[in-house]
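Novice: Supplied in structure tokens, the structure appears directly below.
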């Protein structure tokens, strides 16, 4: 009888220690701005299996990830607790506005209004790079072709 009580206490302490360790690891990752994007990459691979990822930039809170594919396409992934919603941004279907904070911008996705919002990054350089991706994606293919023809003429 006594050994059952002792083993129950030991088991309870192990469970409490594991819970505490997991909570501290999550909290430390959130404070440092370090997130594990392995799951996000897997979700992106399932959503767009034929696309090669070139770069990822996450917002400061880690809830949104902007994706740049190898073929110059851009996309956004929004975290929804246990999964990511992935959206490839079509050319000319996003509107970006600057904010007083140079580390962020607001974006309106015409094809996916649920992704609209304000996005704050850890640095001004990250915000600038992502906004340039969206700017490059903002110009439609027809406009790029027309500009190329004018330049060659």
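The values are calculated or read from the model by the stated rules, or taken from the named source; none is laboratory data. Since we're looking at a predicted model, the values are computed, not measured. Reconstructed Cβ throughout: ideal geometry from the backbone, glycine too, with neighbour counts over all protein chains shown.
Novice: For segment 35-135, list the strands (runs of 3 or more DSSP E) that sit wholly inside it and hold at least 3 residues that are without any contact (Cβ under 8 Å) to a residue 40 or more places away in the chain and assigned by TED's automatic domain parsing to the domain that holds residue 22; which are they?
Specialist: Details: elements: 53-58, 64-69, 74-80, 83-89, 94-98, 104-109, 117-120.
In segment 35-135, no matching strands (runs of 3 or more DSSP E) lie anywhere.
Novice: Let me ask another. Can you go through 22, 14 and tell me which one is outside any strand (DSSP E or B), outside the structural domain of residue 134 (by TED's automatic domain parsing), more than 23 Å from residue 112 (Cα to Cα) and modelled with pLDDT of 85 or more? Write out each step before concluding.
Specialist: Numbers: 22 fails: modelled with pLDDT of 85 or more.
Answer to the check: 14.
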